[in-house]
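Q: Mind looking over this structure? Questions follow.
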Amino acid sequence: MTPDRARVWALWGLSRLVVLLLFVTVETGSAFDLKYYAANLDSLGAEGVGGTLREYPVPAFLVLALPYGLLHLVGLSAIYPAVVFALALLLDAWFLHVLVGRARTPGASSAPVWAWLAATPALGALSFARFDLLPGVLVALALLTYVDAPRRAAVLGVLATGVKYSPALVLPGLAAPAASRLRVVVSGAVAGVVLVLVSIAVGGWDRVVSPLSYQGRRGLQIESLAATPAMVRWAFSPHQYDVFYAPSKAWEVRGPGVDALLTASTVATALLLAVLVALWVLAWVRLPDPRTGLTAVVWLTLAAVLAFIAGGKVLSPQYLLWVLPPACAGLALVDAADRRRLGRWTAVLLVTTALTHLIYPVGYNHLLGHDGWSGVMVAVLTVRNLLLAGLCVSALVAAHAAIRRVPRRPRDRAASPASG
C-alpha cells in the first residue's frame, strides 16, 4: 500500500516537534555531548587534531568540526549545539524521503516508512543530540543501493566505518555474494585506504588508533548486558557496589564479581565473533549474487551490529541508532519469506528503543544513586537487555536460515557477472 505523502510528512513534523519540545524542556541533559563537542573544538587551536575528541575516529572529528569551523568564521559558534541538532534532524528527514520514494514503487511495502516515523521519537531527543544517526543511515543506504550499485554500497559501508569503527562488521556480509565480491572488495579497499590516508594526514597515525585504545581502557558500563547481574545486585545491596563517573565520561559499576563480568563480556564477544565468522564463510560459499542473497545480507548486517552491541562491556543508548535505520531499510528489501519475520523483529526493536528512552534520560538518575525507584529502573534495564540479547540471537538464526535457503552455487556459475 502506497503511503500518502502529505499524511507521512504531517506525522513526521508533529512527531519531531514533540522530540524538539522534549529537547528544550525535560530532556536538556541530552545536549551534554553537543556541549562537549563544542568545548573540545574551542580548544582545537591549542590541542591540535591529535588531542581533540581522541575517542572518535578522524572522519567523525571532521564531521563535527566542519559546522563548528563555518560557524566560528561568522562569529556564531555559540549556536553550534543547535546547528548539529538541526543537521541530524535534516538527515532524519532525508532518510524518510528515501524510504517514501522506495515505498511508492509498485509492489513495495509502506512498513519501512511507518517504522522510521516511530524510530527516532522512540529514542527521544538523544536521536538528534549525537552523531550516531549518521553511521546508521550510511549502513542503511548501503543496503538500499546494494543490488544495483554494489561498489557504492561498499563505499557507503566504509564511510560508516570511518565515522564509527563498529560498522566494519557489516563489510564481510556485503562482500559475500560471489558475483559482486570483487567489486565490493576493491571499492571498499580503495575507500578504506583513502580514509586512512586522510586520517593520518589530518591527525597522525596515533590519532587513527586512539579510539580503539580508548575503548580498551574502559570499565563495565552500567547499561551493558554484561553489567546486568551487577546492577541487579546493586538494586538489592547498594552498599556493595559503586556506580561512578569514569574517565571514559560514562557511568560504570565496580564491586563483587565485576571482574568476572568483564571476562564474560570478552568471552561473549569472542563467541559472537566466531558465530559471525561461520555465517560469513557460509554466505561466501552459498550466495551467488546480490539480488538472490539480499535477504541474507540484510540479516547478516543486523546480526553483526547487534552482536557488537550485545557482547560489549560498553553500551550507550545512542547505539540503537546504528541498527534502527538498517532495520527499516531491510523491511523494504527482504523477500516474502522474511518480511513478516523482520516486521516482528523491528517491532520488538522499537519497543527496545522505547525502553532505552525510558532508561535514559527519563529514569537515569535512579541508576546513578540508589533510591525508591532504583529497583524499578533496574527491572526496566534488565528487560531491555534481555530484549537486546533476544534480538541478537534471532538475527543470527534468521541470517543462517536465509543463507541456507539460497541454493548452493554451481561451480561453473560461481564467477558469473551480476547485474548492476
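Read-outs: derived from the displayed coordinates by stated rules, not from any lab. Owing to the predicted nature of the structure, the values given are computational and were not obtained by experimental measurement. Note: ideal-geometry Cβ built from the backbone for every residue, glycine included; neighbour counts use all protein chains shown.
Q: Which of the lysines could be linked to residue 313 by a straight reach, that is with a Cα gap under 24 Å, when you skip same-chain ones fewer than 8 residues away?
A: Within reach: 164, 249.
Q: Loop-only check: which trypsin sites (Lys or Arg not before Pro) in segment 180-276 are DSSP coil with at most 10 other Cβ within 10 angstrom?
A: Listed in order of number, the matching sites are 217.
Q: Continuing with the same structure: For residue 4 and residue 348 in the same chain, what is the full-extension length gain: residue separation times 0.36 nm, less their Cα-Cα distance, in nm?
A: 121.3 nm
Q: Please report 313, 35 as a ranked list, fewest other C-beta atoms within 10 angstrom at the top and most at the bottom.
A: Listed from fewest to most nearby Cβ atoms, that is 35, 313.
Q: What angle, in degrees between 0 and 90 and rounded to the nearest 10, separates the Cα long axis of helix 58-73 from the longest principal axis of the Cα atoms of the chain?
A: Helix 58-73 and the main axis of the chain meet at about 60 degrees.
Q: Go ahead and run the numbers for FRET between residue 274 and residue 393, Cβ-Cβ distance against an R0 of 22 Å, rounding to 0.05.
A: Between residue 274 and residue 393 the formula returns 0.95.
Q: Taking R0 as 41 Å, what FRET efficiency do you get between residue 43 and residue 408 from their Cβ-Cβ distance, rounded to the nearest 0.05?
A: Efficiency at R0 = 41 Å is approximately 0.10.
Q: Follow-up question, since we're still on this one. Can you give me the angle between helix 258-286 and the longest principal axis of the chain, using Cα atoms only, in degrees from 0 to 90, rounded to the nearest 10?
A: 10 degrees
Q: Under the 0.36 nm per residue contour assumption, what length would be gained going from the current alpha-carbon distance of residue 72 and residue 266 to full extension?
A: Answer, rounded to one decimal: 65.6 nm.
Q: Set Lys and Arg Cβ to +1 and Asp and Glu Cβ to -1, take the dipole of the chain about its Cα centre, and tell me which of 222, 125, 269 lies farthest positive.
A: 269
Q: Could you point to the residue in 367, 136, 90 farthest towards the positive end of the chain's charge dipole, with +1 and -1 charges on the Cβ of Lys/Arg and Asp/Glu respectively?
A: 136
Q: Quick check: residue separation of residue 26 and residue 368 times 0.36 nm, minus the Cα distance between them. What number comes out in nm?
A: Using 0.36 nm per residue and subtracting the Cα-Cα distance, I get 121.3 nm.
Q: Also, I was wondering about something else. Nearest 10 degrees, 0 to 90: what angle lies between the long axis of helix 178-203 and the longest principal axis of the chain (Cα atoms)?
A: Value to nearest ten degrees: 30.
Q: Then there's this: Could you size up the charge dipole of segment 5-413 around its Cα centre, putting +1 on the beta carbon of Lys and Arg and -1 on that of Asp and Glu, and report it in debye to the nearest 20?
A: 1580 debye
Q: Among 18, 40, 61, flag the residue with its Cα farthest along the positive direction of the charge dipole of segment 1-65, charges on Cβ as +1 for Lys/Arg and -1 for Asp/Glu.
A: 18
Q: Given the rule -39500 (n - 2.57) for each run of at least 4 DSSP H residues, summed and divided by the residues of the chain, what is its mean residue ellipticity at 222 nm, to the nearest 500 deg cm²/dmol?
A: After summing the helix terms and dividing by the residues of the chain, the value is -22000 deg cm²/dmol.
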